[in-house]
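The values are calculated or read from the model by the stated rules, or taken from the named source; none is laboratory data. What you see is a predicted model; the values in this text were computed from it and never measured. FYI the Cβ positions are ideal-geometry reconstructions off the backbone, even for glycines, and counts take in every protein chain you see. To get the accessible areas, we keep the full protein, side chains included, count just its heavy atoms, and leave off ligands, DNA and RNA. Shrake-Rupley method; radii C 1.70, N 1.55, O 1.52, S 1.80 Å.
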Amino acid sequence: MKKNKQKYTPVRFSHLMSYAGVGAIVRGAEDKLMVVTDIRYWTDKNGQVAADVIPYVTRVSMALNIDKELRMPPNAKETEHGTLEGSYLPAVLFPKYAKCQKCGLLYNNPWQDKEKSIKEKVFCQKCEGVLDQVTWCAVSNKGHLSDVPWHYVCHQNSESDCRVDFEASYLKFDTDSNGKRIIKCTKCGSQNYYENAKIQVINTIQPWIKEKAPKLDKDDVVEILEVNNPGVYLPEHVNALVIPPESRISKTSIIDRLYNDSKLLREIDSIKIPLRRKGKIKEAATKLRCTVEEIQSAIDEIKAGYPYFEDNITVGNLMEDEYKAFLTPLEDVRDDEDFVTIHKSEEFHNLYSDKNSLELNSIIKIIDKTIIATRLREIQVFKGFKRGYEGVLERKNEKIDIKRSMVPPDIVGESNWLPAVELFGEGVFFTLDEEFISKWEKCKAVIERTKEITKRWKKSDVNLPTDPDISPRFLLLHTLSHLLIRELESTAGYPAASLKERIYCSEEKKMAGILIYTTVADIVGSLGGIIESAEPKNFLALLDGAFKHAQWCSLDPVCTEHEGQGPGWLNRAACHACCLIPEPSCDYGNVFLDRVFIKGNKNLGIPNILEFTKEIDGA
């Protein structure tokens with residue numbers, strides 16, 4: 001690409017793990033749509049991988065069933081003079097077609113041969129109308145993405161022998177008498193509908209890869225979709241917290257600094273001549289501001305297997321391991337650890353008083369453990385993406401079960417690493433009393449209401465990054481989590497979009513916990529707002545507000561009595577006025593929510609959660 005056509009667009013690291021990841025269509029510089037290239041192009045000026053390895057994530061990788069290195073995306077900054085320091089992520093203009101705002105005439109890549117900047121307007125040669133980028137693309141369930149083959153679509157049902165001409169502009173966008181979108185040929189008069197149409201051809205694997213897509217078979221479905229259609233890009237990402245023993249490794253020691261400077265370590269190891277090796281070790285000592293003896297000692301420890309925990313680490317269920325880590329008090333905590341907790345359970349339960357309202361004392365009974373996480377380190381991993389149609393399709397009297405294929409970050413599946421980001425922050429973790437929740441979840445009416453949601457979930461085509469095990473316990477925890485996030489937003493001033501949840505739920509493992517937290521890319525973490533709100537008195541007030549807001553919604557009685565809301569009718573008493581939170585904050589797509597599990601419903605036989613605490617006392 002010519003230098004005057006290169007433009008830089010900033011993007012958050014966390015967005016590269018989701019809607020702005022490899023293969024995503026994003027709106028960039030000069031308001032143009034572009035698609036992010038795969039990790040084979042994430043290189044520096046010398047053609048070397050520009051992504052740095054993330055250290056001390058062995059348990060995370062094992063728990064997530066990942067056998068590859070995790071690397072941070074390249075980082076670059078644009079200087080005052082418009083030059084770039086560091087390595088950038090390439091993206092290419094897509095779609096490459098443009099249409100005239102006035103006459104609808106279609107142009108194939110009108111920016112291709114222009115010497116002027118891409119920000120300058122391009123005009124129609126026929127009516128001098130401004131050309132806008134087309135917002136339609138072709139996607140397949142195998143993950144392929146291509147410009148729409150407009151000539152093919154227009155003439156698909158035509159007997160005309162009109163031939164394709166990529167240099168000429170003879171196709172135009174229009175609507176029929178019913179207002180439906182059509183593509184029309186001005187040469188032969190052929191026309192066809194294109195909106196959400198299924199076609200039998202796709203030209204390329206991905207827009208930045210020149211080779212043609214393989215021939216389609218009966219399991220391939222190609223659709224014409226608008227670029228903002230959810231089916232165009234379905235990212236697959238996973239995340240986990242770094243917990244002991246990895247979180248306890250010192251980050252300031254000489255051995256750690258040398259261990260993480262893999263380039264310097266390789267250079268020392270590659271030198272076989274003693275005198276030259278001694279010189280390199282002396283150079284390393286100067287760089288790390290330590291003695292030669294300290295460098296040699298660090299090298300010996302690394303060769304002996306530092307950081308030593310890999311052979312001893314045992315990985316069970318990801319969430320179960322994290323749950324146990326929160327419940328286990330830490331001793332002799334250092335400032336540079338990545339998982340730091342303060343247990344406040346006793347102080348929280350000491351708030352129980354005859355002077356409190358019955359509701360406050362009931363809340364104190366329900367809560368078992370209260371733990372403040374003053375420092376967390378979260379690893380988010382991008383595993384790939386999917387596109388296109390999934391479901392049962394009938395072709396030639398045959399029903400075919402169409403599945404989406406996962407496309408890895410390097411497209412071909414040969415890379416030894418995956419893109420990931422490390423985020424730092426804080427949060428509050430609490431658990432519900434096991435005796436209480438185990439009795440509550442056995443209520444017949446609660447079980448029956450849960451079964452309705454479970455049936456809908458099985459029939460639903462809703463695509464979620466996390467596949468939850470739907471149970472009364474989960475629906476209660478998830479609803480309470482959302483109510484608490486909304487309460488933090490309204491009382492503590494935290495924007496809900498900056499907060500996240502992790503639900504720890506298992507009847508078998510006796511898990512009933514919620515983590516509300518916030519993380520940022522800065523290693524110093526966030527500003528401490530959640531920590532202050534998680535102090536026992538403040539946290540009790542937050543919980544009181546959340547339980548009170550569960551009792552009433554501004555759209556009641558409609559919201560409470562609704563048979564189903566949201567995608568797939570997977571919510572019951574939950575709407576934007578009471579329970580829903582910004583999409584990035586919820587791992588479950590803002591579904592599986594029901595305030596009735598908290599407020600109760602006497603007509604259905606579902607108890608009010610706070611009144612049910614009498615069961616703990618044997619009443």
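Miscellaneous remarks
- If the condition is being more than 27 Å from Leu16 (Cα to Cα), open to solvent by 40 Å² or more (accessible area, probe 1.4 Å) and over 27 Å from the mean Cα position of the chain (by Cα), then region 230-258 contributes Thr252, Arg257.
- In region 368-398, residue farthest from Ser140 (Cα to Cα) [restricted to those that are small (Gly, Ala, Ser) and either touching a helix residue (DSSP H, G or I) at 6+ places or on another chain (Cβ under 9 Å) or surrounded by 21 or more Cβ atoms within 10 Å (Cβ to Cβ) (or both)]: Ala373
- Of all residues in region 484-510, those being in a helix (DSSP H, G or I), open to solvent by 30 Å² or more (accessible area, probe 1.4 Å) and closer than 17 Å to Gly427 by Cβ number 6.
- The condition of being under 17 Å from Glu487 (Cβ atoms) and not basic (Lys, Arg) holds for only one of Pro567, Pro557, Pro582, that being Pro582.
- Hits in region 270-294 (condition: part of a helix (DSSP H, G or I) and basic (Lys, Arg)): Arg276, Arg277, Lys278, Lys280, Lys282, Lys287
- Taken over region 283-297, the criterion of being surrounded by 15 or more Cβ atoms within 10 Å (Cβ to Cβ) and β-branched (Val, Ile, Thr) is satisfied by Ile295 alone.
- The residues listed here are Asn603, Asn590; of these, the one that is open to solvent by 60 Å² or more (accessible area, probe 1.4 Å) and in a loop (DSSP other than H, G, I, E, B) is Asn603.
- Residues of region 48-69 satisfying the condition of being buried (at least 18 other Cβ atoms within 10 Å of the Cβ) and of a type in the set (D, E, K, R): Arg59
- Among strands (runs of 3 or more DSSP E) entirely within region 178-229, having at least 2 residues that are open to solvent by 30 Å² or more (accessible area, probe 1.4 Å) singles out 181-185, 191-193.
- Considering only residues in region 26-65 that are assigned to a loop (DSSP other than H, G, I, E, B) and touching a helix residue (DSSP H, G or I) at 6+ places or on another chain (Cβ under 8 Å), the one that is nearest to Ala138 (Cα to Cα) turns out to be Ala51.
- Subset of region 336-353 [hydroxyl-bearing (Ser, Thr, Tyr), outside any loop (DSSP other than H, G, I, E, B) and within 13 Å of Lys537 (Cα to Cα)]: Ser345
- Every residue from region 385-398 that is of a type outside the set (D, E, K, R) and either at pLDDT 95 or above or out of contact with any strand residue (DSSP E or B) (no Cβ under 9 Å at 6 or more places or on another chain) (or both): Phe385, Asn397
- Test for Ala373: is it among the small types (Gly, Ala, Ser), within 38 Å of the chain's Cα centre (by Cα) and at pLDDT 90 or above: yes
- Positions within region 262-282 being modelled with pLDDT under 85, of a type outside the set (Lys, Arg) and exposed (fewer than 15 other Cβ atoms within 10 Å of the Cβ), in sequence order: Ser262
- Flag if Leu540 is open to solvent by 10 Å² or more (accessible area, probe 1.4 Å) and touching a helix residue (DSSP H, G or I) at 6+ places or on another chain (Cβ under 7 Å): yes
- Condition met for Glu561 (surrounded by fewer than 20 Cβ atoms within 10 Å (Cβ to Cβ), closer than 30 Å to Leu351 by Cα and either touching a residue at least 40 places away in the same chain (Cβ under 8 Å) or over 28 Å from the mean Cα position of the chain (by Cα) (or both)): no
- Output for region 403-459, where each listed residue is open to solvent by less than 20 Å² (accessible area, probe 1.4 Å), aliphatic (A, V, I, L, M) and touching an Asp or Glu at 6+ places or on another chain (Cβ under 7 Å): Leu423, Leu432
- Checked against (1) in contact with a Phe, Trp or Tyr (Cβ under 8 Å, 6 or more places away or on another chain); (2) buried (at least 17 other Cβ atoms within 10 Å of the Cβ); (3) of a type in the set (D, E, K, R), Arg572 passes all but condition (1).
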